[in-house]
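Single-structure report; data block below.
The values are calculated or read from the model by the stated rules, or taken from the named source; none is laboratory data. Everything numeric in this text was worked out from a predicted model, so none of it was measured. When we count neighbours, we look across all protein chains shown, and the Cβ atoms used for this are built from the backbone with ideal geometry, even at glycine.
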Amino acid sequence: MLTAAGVPIDWRAVEHTPQLPVAGTRLSAADQQALTERFAALDNLLLPGETLPWTAPASVPKTEAAVSAYAEAYGAGVADDVRRLLLELYWLHGADIGSPNVLRTPLAGPILRSHSLAEPLHESGYAVSVDRGPITTDAYRRIRSWRTEWRQLGSPLLPIVLTGGATLSGLDALRRLGKEIGYYARAQYLITHPDCVTGKASDTALDQFEPLHSAERLAVTMAAVTVGGVRA
């Protein structure tokens, strides 16, 4: 919706807890309960027609490999596809997205379709090295830059939305994204239905809300996984 309205969204990724063990961390009963409560809060933010399917994972992975894959996909022009795949692999299938072997087959398709000139990517579809790092120097620098920017902001709770000089994190970031989508959906309706009756409360809210403009960039920094009190 926002992209179609001419508002560029720059999705970035950081590894929130790099000190996690390579095999990840099993979720405790308390973590599972916190996860259920978190998704209940997210359900309250859904827009009409939206759904948020998820399956309770057994563990929190060390997401270095996932961030590396996304950084390579970002530079190769297939970031959107890989971002969706990573989220689906974990939140729908409970896959260990911290494992390069687990990621290799699902991500091969979009990586092979990308415009990357790096041989491991365009010939074999590899986006992650065996030690969970990126393949290319550009992706390594990208990861370092994203993490530096996040730390300069004070390492706030993810996700983060940077817009108009403001930094919004957690549920506040998601509420802002919802308002942006709602604004442009309403604006598009008014454009396609010029004869509709105006002056209602929704129209007043539309006038008062200050959306992003096409010249602005909406920067969203995400963690590959956020589970209860354990964030990776």
- Of all residues in region 112-145, which are under 18 Å from the mean Cα position of the chain (by Cα) and farther than 22 Å from Pro21 by Cα? Ala139, Arg142, Ser145
- Picking from Ala71, Ala30, Ala41, the residue that is assigned to a helix (DSSP H, G or I) and in contact with a strand residue (DSSP E or B) (Cβ under 8 Å, 6 or more places away or on another chain) would be Ala71
- Working carefully through the options Ala76, Ala23, Ala58, find the one that is surrounded by 14 or more Cβ atoms within 10 Å (Cβ to Cβ) and touching a residue at least 12 places away in the same chain (Cβ under 8 Å). Ala76
- Which one of the conditions (1) surrounded by 14 or more Cβ atoms within 10 Å (Cβ to Cβ); (2) at pLDDT 80 or above does Leu218 fail to meet, given that it meets all the rest? (2)
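Residue by residue through region 80-104, note down the ones that are outside any helix (DSSP H, G or I), on the phi < 0 side of the Ramachandran plot and either surrounded by fewer than 18 Cβ atoms within 10 Å (Cβ to Cβ) or not β-branched (Val, Ile, Thr) (or both).
Once the filter is applied, which keeps residues that are outside any helix (DSSP H, G or I), on the phi < 0 side of the Ramachandran plot and either surrounded by fewer than 18 Cβ atoms within 10 Å (Cβ to Cβ) or not β-branched (Val, Ile, Thr) (or both), region 80-104 yields Leu92, His93, Ala95, Asp96, Gly98, Ser99.
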- Query: Does region 146-156 include one or more residues that are among the small types (Gly, Ala, Ser), surrounded by fewer than 18 Cβ atoms within 10 Å (Cβ to Cβ) and modelled with pLDDT of 80 or more?
  - Reply: yes
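Of the residues in region 125-145, how many are part of a helix (DSSP H, G or I) and either surrounded by 18 or more Cβ atoms within 10 Å (Cβ to Cβ) or modelled with pLDDT under 95 (or both)?
So the answer is 3.
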